[in-house]
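Here's the structure, in structure tokens; my notes come after.
Read the figures in this text as sums done on the coordinates, not as results from a lab. Please read all numbers here as calculations on a predicted model, not as lab measurements. Note: ideal-geometry Cβ built from the backbone for every residue, glycine included; neighbour counts use all protein chains shown.
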Amino acid sequence: MRKYALFLLAVIAISLLAPAVYAAEGAPAEATNWVAISAGFSMAIASAGCAYAQGKASGSASEGMARNPGAGKMIQNMLILALVLIESMALYTFAIIFVKVK
């Protein structure tokens, strides 16, 4: 745990010092659209998180229905609700990216 905290502190320190290191005095000849690049990474991370969560939820629901077939309908309804809420995370990420990237 101590190594993790030290690593996290080092990452935060580097993140705070990075803008000062990369500050340019004059206007750059060609600007990079970092918002679009970071938006692509954030959408990939959100999609990966959604895929993992949906797979985990579907697997658990399948196990629950296999163990207790009488509760299958209730488990199926809860699974659909959970999948909708999980998928909304990716849609919210996409909406934020769509607004930010021009």
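Which whole-number percent of Cα pairs in the chain have a distance greater than 21 Å? Within the chain, distances greater than 21 Å cover 62 percent of Cα pairs. Of the residues A53, A13, A36, the one that moves most in a GNM of the chain with alpha-carbon contacts below 10 Å is A13. Applying 0.36 nm per residue to the separation of V99 and A31 and subtracting their alpha-carbon distance, the gain on full extension is 22.5 nm. Working from label points 7 Å from Cα in the Cα-to-Cβ sense, the Y92 to A48 distance is 2.0 nm.
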